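Accompanying notes for the structure given below.
The values are calculated or read from the model by the stated rules, or taken from the named source; none is laboratory data. All of these numbers come straight from a predicted model, not from anything done at the bench. Positions of Cβ are generated from backbone atoms using ideal geometry, with glycine treated the same way; all protein chains shown enter the neighbour counts. The protein model used for the area step is the full one, side chains on, heavy atoms only, and it has no ligands, DNA or RNA in it. Shrake-Rupley method; radii C 1.70, N 1.55, O 1.52, S 1.80 Å.
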2 protein chains.
Amino acid sequence: MAKLAKPGQQVLLEPKDLSHHFSEVTKNRHPSQIKEYYKFFQIPGMGNLAGGMPHPSLFPFDTLEAQAAKPERWAPTPNYPPSSGAAASRGDGAKEDPVSASSHIAVPKYSAESNPLHKIDLGTALQYGTAEGYPPLLSFVRQFAREVLHPNVPYRGGAEVIMTSGSTDGFSKTLELLTNTWSENTGSDIRDKPGLLCETFIYSNVLSQAEPRGMNIVTVEMDQVGMRSSGPGGLASVLRNWDTTKGKRPHILYTVTMGHNPTGGVLPMERRKEIYAICHEFDVIIVEDDPYWYLQFPSAANHEALSRGLPETTPAPAVKPEKSSGFEFIDSLVPSFLSIDVDGRVVHLDTFSKTVAPGCRLGWITAQPRFIERYGRISETAAQQPSGFVQAMMAQLLLGQQTETIRTFFSLTPTERKTFTGWSMAGWVRWLEGLRGVYERRMVRMCTILDAAKDGIRDVPAGGDSVMVFKSPVMSFSWPRGGMFAWVKVYLARHPCFGKKGPTIPTITGRHLSDAMLSLLTKEEYRVLPAPGAMFAANQKIREERAWSYFRLCFAAETDDRVDDCSRRFGAGVRAFFEIRSVALIEELLKEGGL
Amino acid sequence: MAKLAKPGQQVLLEPKDLSHHFSEVTKNRHPSQIKEYYKFFQIPGMGNLAGGMPHPSLFPFDTLEAQAAKPERWAPTPNYPPSSGAAASRGDGAKEDPVSASSHIAVPKYSAESNPLHKIDLGTALQYGTAEGYPPLLSFVRQFAREVLHPNVPYRGGAEVIMTSGSTDGFSKTLELLTNTWSENTGSDIRDKPGLLCETFIYSNVLSQAEPRGMNIVTVEMDQVGMRSSGPGGLASVLRNWDTTKGKRPHILYTVTMGHNPTGGVLPMERRKEIYAICHEFDVIIVEDDPYWYLQFPSAANHEALSRGLPETTPAPAVKPEKSSGFEFIDSLVPSFLSIDVDGRVVHLDTFSKTVAPGCRLGWITAQPRFIERYGRISETAAQQPSGFVQAMMAQLLLGQQTETIRTFFSLTPTERKTFTGWSMAGWVRWLEGLRGVYERRMVRMCTILDAAKDGIRDVPAGGDSVMVFKSPVMSFSWPRGGMFAWVKVYLARHPCFGKKGPTIPTITGRHLSDAMLSLLTKEEYRVLPAPGAMFAANQKIREERAWSYFRLCFAAETDDRVDDCSRRFGAGVRAFFEIRSVALIEELLKEGGL
C-alpha cells in the first residue's frame, strides 16, 4: 500500500523522480541554447535587433473586444443533496437573462502596466510568448489550480501548471512525454510494446491517439461509480496477472473520474485511494482527464429514488477537505487524485472547452514540476503556445477592466458606463456554479422523462389467439452523478427479433438491433440521435459483446426545451422499436440507415 | 532529371503516391469510426443527443469584436526594381495613420446565414469544429493558396490546404507524418536513423524539433541566394556520397527559400529547378517553410550598388507566370517550389505570424491531397483545430461585415457608420503589399547605415613607436533580398586579440570574441542586441568553425526610428570593439556578459 498523507500531516516530501517513465524523445529534449541570451532582453532600453518578431504596430488588430456574460448569468443549484422535493434543482429560479447580465470588455493595443502578470494588451498577447502560457492568464490558472481546485496536494511545493490547447492536446503531449512509439514493422521487441490502462467504455479519441503509436489498450472493468480496483477484471487483477509476452506491463492509466464519459459516474474518495495504492505498487502514472469536474450533481441520487418510488437516500456526510478552497461550491465536490498524490504520479488534464467554449482550444495540465518542465519543452516544438487571441480574451474576462452595459457597439441607446474589474476568482467560481445549475436542471428533466418511458411495453407472446399484455422494462439507467450524459442500457437482447433469422441476415445480433433502432430514431416521427455504445467501446471484444446494448444521451448540446422534447422522442422511439416483430422490417431499417 | 511541366503543357498527371514515406504511426492512423454517423447530424430538425458539446447559449462570449486596420494602412513599395534614386522605397510616401485607417468588426453569437462557407458566428466558430479549419476561413485560405499564391501547381487537381497553429506546429506535424523516432537506447538499427537535409544556418527551433526524434541533421552548403545544388557540400554531392553506416539516406529536405532566416537570400527559379531535380532523383520530400514569401525586396540589389558606389545592376526580366495570380504584386514574387512540383513532393508551410501577429498561432500547410488527408488525422488527435477565437476574428476581418469608424467603443464622438464587406482577397493582398513596403523601407534604412559603418577602422599595428593609421573593413554583408534580417559577417579573425593568450584563457578564439562583442554591444553606450551567428549554426562543427563571425540584425521588432538608432549603435559598437587591444579587457567583457 502507498503511504498516503494523513490528515494533519504537515511534513511533506518532494515528489518522486519519475523520469524513468519519460520517452526517449523526451529524454533527448535539451533546454534551448538561445535562453542564455534572454537576460539581455530584460535590460531597459535595449535595442532589440535579435528577436525575429514583427513590431506590434504592424498587427492589424488595434483592440480585441467582446460582449461577455457577467458571472451571475445562470442560477446555481444547491451544493449538498437537497431533501425531498428538491424544487430548487428542478428548474425553478433559473435566471437566464443574457442581455442585462452582460458587459463589454476590451483588450487595448498597449497597456502602461509594468507588471507582466497584470499587463493585458495586444502588444504582449499577440507577440511570441512562452510555452507555459500568457503570464496574466497563467498566473490566474495557477492560483486556481493550486489554491482552489487542489489545495491539498501532499507533496512539497505542490503541483505546477502549463497551458495547453485543450485536453486532447494535453493527452497527446502526455503520450509523447511518457511513451515510445512501437511498431512490429520496425522490428520493435514485443516486450517494449507500451500499454494504456483505461475503463471498458471510453472517449474514443483517446484510442485514436494511443493506437497508432502501437499501444496496447488494456481495459479495466468498471461499475456505476467508475473503474474497479479489485475483483475480476479490476485494476489489481489486470496488473498482477500481466502477461509480458503481450507487451510491457502498462505504466499509464487514463481515467475520467468526474461525470465519466459515457457512463456518468463520479469516483468516490475511497475508490481513489484503492486505485492510487495499486498505481503506487506497480509504478503507474495516473492521467486524470477532467473536463466535467465542476459538474457533480448532488441531487441525482435523491431524485432517482423519488422518481422511482424508492425511499429517499441518506446522503453521505460531505468530506471536509483538510484545507478549504475558500469556496463552498468547490469544497462540496469530490477532489481529484492530486489530493492524495504523495508520489507525484498524477497528471491532471483540464480544459475550458466545457466551461467557456470548445473552440477556445485552451486548457491546462497540473502535475509535479519535473513533468511540467518537460511539457514546456514539448510545447515549444509544437504550437509553441495556445493562441494569444483566446488567452488575451480570457485574461481580460477574468482579470481585466469591464464596462457594464446593456448595449452592443452598434446599438443607439445610451450606455451605463460603470467600469469594474473582471470576474476575478470569485466570479469564475460563481460562473461554474451557475453552469452546474443549468446542467443539473437539464439532467433532472431528461432523467424524469426517461424514467417515465423505461417501463411499460405491451409484450405480445406468440402463441395462438391468446394475447397477454404485460409490462416489462425496455431500458434501465442510473441518473448521472456528474457530467453531461445519461448512459442508457436498452434491453435489446429481449427484443422479439434478437437471435432470429432474417431474410438475408443469418442471425439478427445485438449490433444489428442497435443500428436498426438508431435508424428508426432518426426517422421523421422521432428525429433524435443518441450516440450508440459502440462508439465508446475500448476494444473490439467489448464492442461485440455488450456495447450494442448502450446509448449515451447528452443533455448539453440542445436548448432546455428541446432536451425535454428529444428525451420524449427517444423514449417513444425505443418503445416503438420494441413493438417491431418483423425481422424483415429490422433489415429494412438497417438498409435505410445505411449502417 | 525530373520531368518538369513545360509551359503551355496542359495534360497534368496525378501527384505520385508517396505514402511509402509515411511514418509507422501515420500508416496506423485509421479514419474515425464515428464518422459514419456524421450524416445524421445533417438532417434538418434532428434532435442532437449524440454530440458531447455544450450549447452555444452557455458560452460566456456574446460577441467577439475588434478595432482593425483597413488594408490601406501602410504604403507599398514598387513591385519591380526601381531605377536609380528609388526615393519611393526609401521611406517617402509612407502613410501610417492607424486611427483613420481603421474599422470596427464584430462576430455575432448567431448568424442566420445557411451556407457554412459564409456563416461567421460564435455558435459555429467557438463550437467543436473540423481539423481542416473553420469553413469560412479555410475556404478563403484555400482560394488564396490555390488561385493566388500557387496557381501553377503542375499536378492534376492542384494542391490542398489544412489550417495549422502556425509553422512550428506545421513542421512538427510534418515530422510526425514522415519520420519514425529513432533511439540507440531502444536498439534501433543505425541504418534506420532518419535524416533531415537543411542549410548550414537555420532557424534553431527546427533542430529542437528534429534532434530529440533521433534525426541526423545533414547540412548542405549555401551561397548568398540559398542552398547549393552542386559543388562540394551541395545537395547532389551530399546525397550521392551518402554513407549508410551513419543512418538512412535523408528523405526530407527543410528549406527557407524566401528571405532565408538568417541569411536573407531568395532562391531563384533556376536553382529551384536544380534542387527539385535532385530531390526527384533521390526521392526526397521538400518542406518549404515560407514565413516571409511576401517580403521580397526588388530594390535591394540596386540600392546596394548605389550605396557602395558600384554601377547600377540590370534587373533580370521578371518571369511571367504561366497563369497569373490576378495581382501584379504576387506575380512579381519568385514562386514556391510548388510551381514546379510535378511529383507532389513539396510541403509548403505558411503562417499568419508575420502577416498578422505571432500570437495568432495560425497558419496552413499546402501539399498534395494524400498528405493533407493524413495531416487532418494527425490534427484530430492533437489540438483538434486552431483556436476558434483567432479563426473567427480572421474570418470576420477578411470576409465579414465591417463598420467604418474613427472611434472605439469607449470614445464619445459620433461615429460614421458606413458598413462594408471585409477585406476580401484584394484587401488581403493590399495589406501584404503594404507590409512589404514598411519592411523594405526599414531594410533600406538599416543597410544604408550599416554600409556607412562597415569600413574605416584605424588599425594600429604593433611595432615600436611608428603608428600607421589606415582603413580596413570590419564587416561585410549583402543587402537582404527578402525577409526580416541583415546577416552581417564581422571580421573577428582580423581582430587584434584573435588567437592571443589571455590572462586566464589560453587562446582567444572567434567564439570568445563573438561573445565579448555581444557583451560590449549590450553595455550602456550601445545598448543594442544582435542575434549571434551561433544561434543559427545547424551543427556543432559549423558553430565552432564559422558561426561566430556572423550576426543577424532584425529590422522588424523595433519601430522605424529605433531601427535607425539601433543600426547606428551597432555600427559604433563594432568599430569600438575593434579598437580594443587588451586581451584582459576581452576577458572582462566575457565575465560581465556572463557568457
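So which of A:Ile190, A:Ile217, A:Ile202 is among the hydrophobic types (A, V, I, L, M, F, W, C), in contact (Cβ under 8 Å) with a residue 24 or more places away in the chain, more than 27 Å from A:Gly427 (Cα to Cα) and open to solvent by 50 Å² or more (accessible area, probe 1.4 Å)?
Residue meeting the stated conditions: A:Ile190.
Could you grab me the full set of residues in region B:475-518 that are in contact (Cβ under 8 Å) with a residue 60 or more places away in the chain, under 28 Å from B:Thr257 (Cα atoms) and hydrophobic (A, V, I, L, M, F, W, C)?
The answer is B:Met475, B:Trp479, B:Met484, B:Phe485, B:Ala486, B:Trp487, B:Val488, B:Val490.
Given (1) out of contact with any Ser or Thr (no Cβ under 8 Å at 6 or more places or on another chain); (2) open to solvent by less than 30 Å² (accessible area, probe 1.4 Å); (3) modelled with pLDDT under 95, where does B:Glu184 come up short, assuming only one miss?
(2)
Tell me whether region A:421-430 contains one or more residues that are of a type outside the set (Val, Ile, Thr), modelled with pLDDT of 90 or more, open to solvent by 40 Å² or more (accessible area, probe 1.4 Å) and assigned by TED's automatic domain parsing to the domain that holds A:Leu349.
no
Among the residues of region A:104-118, are any out of contact with any Pro (no Cβ under 9 Å at 6 or more places or on another chain), modelled with pLDDT of 90 or more and over 22 Å from A:Phe420 (Cβ atoms)?
yes
Please count how many residues of region B:164-203 are outside any helix (DSSP H, G or I) and on the phi < 0 side of the Ramachandran plot.
Here the count works out to 20.
Can you name the residue in region B:184-206 that is closer than 19 Å to B:Gly259 by Cα and of a type in the set (Val, Ile, Thr) and, of all such residues, is farthest from the chain's Cα centre (by Cα)?
Among those residues, the one meeting the criterion is B:Thr200.
Could you list, in sequence order, the residues of region A:524-550 that are in contact (Cβ under 8 Å) with a residue 40 or more places away in the chain and of a type in the set (D, E, K, R)?
Within region A:524-550, A:Glu525, A:Arg527 meet the criteria.
Of everything in region A:204-246 that's in a loop (DSSP other than H, G, I, E, B) and within 14 Å of chain B (Cβ to nearest Cβ), which residue is farthest from A:Arg272 (Cα to Cα)?
Ranking the qualifying residues of region A:204-246, first place goes to A:Gly214.
Quick one: count up the residues across region B:220-235 that are open to solvent by 10 Å² or more (accessible area, probe 1.4 Å) and among the hydrophobic types (A, V, I, L, M, F, W, C).
So the answer is 2.
If the Cβ limit is 8 Å and pairs must be 6+ apart or interchain, which residue in region A:50-62 that is more than 7 Å from chain B (Cβ to nearest Cβ) pairs with which residue that is open to solvent by 20 Å² or more (accessible area, probe 1.4 Å) and hydroxyl-bearing (Ser, Thr, Tyr)?
Between residues of region A:50-62 that are more than 7 Å from chain B (Cβ to nearest Cβ) and residues that are open to solvent by 20 Å² or more (accessible area, probe 1.4 Å) and hydroxyl-bearing (Ser, Thr, Tyr), the close pairs are A:Pro56/A:Tyr110.
Among all residue pairs at least 6 apart or on different chains, which show Cβ distances below 7 Å where the first residue, located in region A:551-565, is facing chain B (nearest Cβ under 7 Å) and the second is open to solvent by 10 Å² or more (accessible area, probe 1.4 Å) and assigned to a helix (DSSP H, G or I)?
That search, which allows pairs on different chains as well, returns A:Thr559/B:Ser57.
Residue-by-condition table, conditions (1) within 14 Å of chain B (Cβ to nearest Cβ); (2) crowded, with 24+ Cβ neighbours inside 10 Å; (3) not in a helix (DSSP H, G or I):
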| site | (1), (2), (3) |
| --- | --- |
| A:Val342 | no, no, yes |
| A:Val347 | no, yes, yes |
| A:Gly359 | yes, yes, no |
| A:Thr366 | no, yes, yes |
| A:Arg370 | no, no, no |
| A:Glu373 | no, no, no |
| A:Gly376 | yes, no, no |
| A:Gln385 | yes, yes, yes |
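Only one of these conditions is not met by B:Tyr155: (1) at positive phi; (2) out of contact with any Ser or Thr (no Cβ under 8 Å at 6 or more places or on another chain). Which number is it?
(1)
So A:Phe410 ticks every box in (1) modelled with pLDDT under 95; (2) open to solvent by less than 30 Å² (accessible area, probe 1.4 Å); (3) within 13 Å of chain B (Cβ to nearest Cβ); (4) outside any strand (DSSP E or B) but one. Which box is left unticked?
The single condition A:Phe410 does not satisfy is (2).
Do you know which residues across region A:524-573 are over 20 Å from A:Glu440 (Cβ atoms), assigned to a loop (DSSP other than H, G, I, E, B) and aromatic (Phe, Trp, Tyr)?
A:Tyr526
Among the listed residues B:Glu328, B:Glu274, which satisfies the condition of being under 19 Å from B:Gly226 (Cα atoms) and open to solvent by 50 Å² or more (accessible area, probe 1.4 Å)?
Going through B:Glu328, B:Glu274 in turn, the sole match is B:Glu274.
Take the conditions touching a Lys or Arg at 6+ places or on another chain (Cβ under 6 Å) and either open to solvent by less than 10 Å² (accessible area, probe 1.4 Å) or over 30 Å from A:Trp479 (Cβ atoms) (or both) and apply them to A:Ser165. Does it pass?
So A:Ser165 passes the test.
Output the number of residues of region B:532-541 satisfying the condition of being farther than 11 Å from B:Phe201 by Cβ and at the interface with another protein chain (Cβ under 9 Å from one of its Cβ atoms).
Within region B:532-541, residues that are farther than 11 Å from B:Phe201 by Cβ and at the interface with another protein chain (Cβ under 9 Å from one of its Cβ atoms) number 1.
Within region B:507-521, take every residue that is open to solvent by 10 Å² or more (accessible area, probe 1.4 Å) and outside any helix (DSSP H, G or I) and give me the one that is farthest from the other protein chains (Cβ to nearest Cβ).
Taking the candidates together, the pick is B:Thr507.
Count, please, the residues in region A:566-581 that happen to be within 8 Å of chain B (Cβ to nearest Cβ) and open to solvent by 10 Å² or more (accessible area, probe 1.4 Å).
Qualifying residue count, region A:566-581: 1.
Pick from region B:122-135 the residues that are away from every other protein chain (no Cβ under 11 Å) and on the phi < 0 side of the Ramachandran plot: which of them is surrounded by the fewest Cβ atoms within 10 Å (Cβ to Cβ)?
Of everything passing the filter in region B:122-135, B:Thr130 is surrounded by the fewest Cβ atoms within 10 Å (Cβ to Cβ).
State yes or no: is A:Ala301 farther than 29 Å from A:Met535 by Cα, open to solvent by 10 Å² or more (accessible area, probe 1.4 Å) and at pLDDT below 95?
So A:Ala301 fails the test.
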